[in-house]
Amino acid sequence: METFDRKQHWDAIYQTKALKDVSWFQSTPQTSLDFLHEFRVPLDARIIDIGGGDSYLVDHLLREGYRDITVLDISEASIERAKLRLGEQADKVTWIVADAANFEPSRKYDFWHDRAAFHFLTSEHEVAGYLNTARQHLSENGIMVVGTFSENGPEKCSGMAVKQYSETTMTSLFERFFKKIKCITVDHQTPFNTIQNFIFCSFRIQQAS
């Protein structure tokens with residue numbers, strides 16, 4: 001049986017489709033920025049955007065003056081597009097080509113952001129690996145924000161199956177290592193004028209009692 005090559009799949013998408021022609025495009029990632037501002041994340045915070053690819057979040061972070069930004073994506077093509085768009089500004093960002101399911105950070109982060117990468121991890125092994133990595137590499141007072149398709153969201157994206165979540169299932173899954181701060185649901189309007197329902201949850205490290 002042929003093994004599905006997730007990296008090859010995403011590279012092909014970013015090599016053939018313009019950013020405004022993908023369903024997840026946002027010129028302004030308002031929900032993500034709202035979380036950042038709500039938690040008053042300082043400008044020197046160590047920020048990582050999981051599955052950030054060539055999304056515009058990094059542009060906004062640089063514009064706001066954040067100085068320690070890492071963008072991780074499985075697709076090298078997506079990262080190269082982001083670098084091209086940012087020009088000299090790209091040198092201010094740390095870029096990592098890796099799979100969110102099994103990457104090994106070399107440092108801890110103060111703000112861990114993931115919009116629409118986590119729901120592509122559909123096996124228990126991948127999910128467990130992701131959560132364990134986040135637990136080990138989120139700073140003691142750090143914030144984690146994860147956005148996934150809700151139970152009212154799509155069952156597939158870009159030809160791949162996803163795992164849908166509710167506030168209950170997200171909380172249950174994360175509670176071993178993390179304490180939930182809050183969850184919200186958000187309707188994302190795609191460039192094709194369709195609606196995708198997301199759930200965004202924020203967490204802190206679960207402190208030992």
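The values are calculated or read from the model by the stated rules, or taken from the named source; none is laboratory data. These numbers come from a predicted model, not from an experiment. Counting neighbours? That spans all protein chains shown, and the Cβs are built from the backbone with ideal geometry, glycine included.
Within segment 101-111, restricting attention to residues that are out of contact with any helix residue (DSSP H, G or I) (no Cβ under 6 Å at 6 or more places or on another chain) and among the hydrophobic types (A, V, I, L, M, F, W, C), the residue that is farthest from Thr133 (Cα to Cα) is Phe111.
How many of the residues in segment 63-80 are over 13 Å from Phe111 (Cβ atoms) and out of contact with any helix residue (DSSP H, G or I) (no Cβ under 6 Å at 6 or more places or on another chain)? Counting residues in segment 63-80 that are over 13 Å from Phe111 (Cβ atoms) and out of contact with any helix residue (DSSP H, G or I) (no Cβ under 6 Å at 6 or more places or on another chain) gives 6. All told, Val162 meets the bar of being modelled with pLDDT under 95 and in contact with a helix residue (DSSP H, G or I) (Cβ under 7 Å, 6 or more places away or on another chain). With respect to being crowded, with 20+ Cβ neighbours inside 10 Å, without any contact (Cβ under 8 Å) to a residue 40 or more places away in the chain and hydroxyl-bearing (Ser, Thr, Tyr), Tyr66 fits the description. Total residues in segment 67-118 satisfying the condition of being of a type in the set (D, E, K, R) and assigned to a strand (DSSP E or B): the figure is 4. The set of residues in segment 142-196 being surrounded by 13 or more Cβ atoms within 10 Å (Cβ to Cβ), without any contact (Cβ under 8 Å) to a residue 24 or more places away in the chain and assigned to a strand (DSSP E or B) consists of Lys180, Cys183. Name the single residue that is farthest from the chain's Cα centre (by Cα) among those in segment 1-54 being modelled with pLDDT under 70, small (Gly, Ala, Ser) and in a loop (DSSP other than H, G, I, E, B). Per the criteria, the residue is Ala18.
Residues in segment 108-120 that are farther than 18 Å from Thr185 by Cβ and under 12 Å from the mean Cα position of the chain (by Cα): Phe111, Trp112, Ala117, Phe120.
What number of residues within segment 95-141 are surrounded by fewer than 23 Cβ atoms within 10 Å (Cβ to Cβ) and closer than 16 Å to Arg204 by Cβ? The qualifying residues number 10. Residue-level check: of (1) under 15 Å from the mean Cα position of the chain (by Cα); (2) more than 17 Å from Gln30 (Cα to Cα); (3) among the polar types (S, T, N, Q), Thr169 misses just (1).
Does segment 71-89 contain any residue that is touching a Lys or Arg at 6+ places or on another chain (Cβ under 7 Å) and surrounded by fewer than 20 Cβ atoms within 10 Å (Cβ to Cβ)? No, segment 71-89 has no match at all.
Quick one: would you say Tyr109 is among the hydroxyl-bearing types (Ser, Thr, Tyr) and under 27 Å from Asp44 (Cβ atoms)?
Details: among the hydroxyl-bearing types (Ser, Thr, Tyr): yes; under 27 Å from Asp44 (Cβ atoms): yes.
Yes.
Looking at the structure I just gave you, is Asp68 farther than 19 Å from Phe35 by Cβ, acidic (Asp, Glu) and more than 16 Å from the chain's Cα centre (by Cα)? Against the criterion (farther than 19 Å from Phe35 by Cβ, acidic (Asp, Glu) and more than 16 Å from the chain's Cα centre (by Cα)), Asp68 does not qualify. Here Ile96 fulfils each of the conditions (1) closer than 20 Å to Gln15 by Cα; (2) out of contact with any strand residue (DSSP E or B) (no Cβ under 6 Å at 6 or more places or on another chain); (3) among the aliphatic types (A, V, I, L, M); (4) without any contact (Cβ under 8 Å) to a residue 60 or more places away in the chain apart from (2).
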